[in-house]
Amino acid sequence: MLAHKPHIRSSLMIGAVILVLSACGQPIFGHPSNPGEIPVGLERFYNQKLTFGSCEGYATTDADAKAFANDTFECARLEVPLDYQNPRGRTAQIALLRVPAKGKPSKRIGSLLLNPGGPGASGMSYASLVATTLGEHPITERFDLIGFDPRGVAASTPALDCFTDAEREANLLVNSINSGGKDYTDHLIGLKIPADGARCVL
């Protein structure tokens, strides 16, 4: 049934992305009383309509620039609160990449939202990789593949910059989130996430 109602699919996808983005320990402003109900104060985020278009300008690495050059790939940006406790404040823009289903529209089932994990992994890169790896496959025939770059990562804005150019050139792109660090960033995009060196800036 949903396959014949694109506006419903779009709303469901936006809701799913927002729920995924807000599920990592992030408090939601105005908890809904019923499942499926839009939280108070977040209506404009849930009701926004995404406009997918060319992926030109979304790549942040040479590898992504080559991968995203595929004419069948579509990109868009989703606006979300930077701080869910203050939804009227600053916002972040989440970059998404969609690989439309290759099969007949009448056979399309829906969308698969992909997440490579992390922290700090690009979901846009992952979606393009999965689509290329699967090639002609029942999944790519009947499902749209969608990946997003988490807050602060790759094409999403504002971006985090945790290393200087000299550190990048010296291949010092290693943090100690899992093993523990001596310094901590107290408010990293609204979350308390330890970051060795505490040099991450928006």
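The values are calculated or read from the model by the stated rules, or taken from the named source; none is laboratory data. Keep in mind that what you see is a predicted model, and the values were worked out from it rather than measured. Reconstructed Cβ throughout: ideal geometry from the backbone, glycine too, with neighbour counts over all protein chains shown. When the accessible area is computed, the model is the full protein with side chains, heavy atoms only, and any ligands, DNA or RNA have been set aside. Shrake-Rupley method; radii C 1.70, N 1.55, O 1.52, S 1.80 Å.
List of remarks:
- Among (1) part of a strand (DSSP E or B); (2) farther than 24 Å from residue 160 by Cβ, the one test that residue 71 misses: (1)
- Only residues that are part of a helix (DSSP H, G or I) and open to solvent by less than 60 Å² (accessible area, probe 1.4 Å) were counted across region 105-138, and they come to 8.
- Set side by side, the residues 40, 20 differ, and just one is surrounded by 12 or more Cβ atoms within 10 Å (Cβ to Cβ), modelled with pLDDT under 95, β-branched (Val, Ile, Thr) and over 18 Å from the mean Cα position of the chain (by Cα), which is 40.
- Reported count of residues in region 84-101, each being in contact with a strand residue (DSSP E or B) (Cβ under 9 Å, 6 or more places away or on another chain), open to solvent by 30 Å² or more (accessible area, probe 1.4 Å) and part of a loop (DSSP other than H, G, I, E, B), is 3.
- Filter pass, residue 50 being part of a strand (DSSP E or B) and in contact with a strand residue (DSSP E or B) (Cβ under 9 Å, 6 or more places away or on another chain): no
- The set of residues in region 35-84 that are hydroxyl-bearing (Ser, Thr, Tyr) and closer than 17 Å to residue 98 by Cβ comprises 51, 54, 58, 72.
- Residue match in region 82-96 (condition: acidic (Asp, Glu), farther than 16 Å from residue 144 by Cα and modelled with pLDDT under 95): yes
- Filtered residues of region 46-66 (kept if of a type in the set (A, V, I, L, M) and open to solvent by 40 Å² or more (accessible area, probe 1.4 Å)): 63, 65
- The single condition from (1) open to solvent by 60 Å² or more (accessible area, probe 1.4 Å); (2) closer than 22 Å to residue 54 by Cα; (3) part of a helix (DSSP H, G or I) that residue 141 fails is (1).
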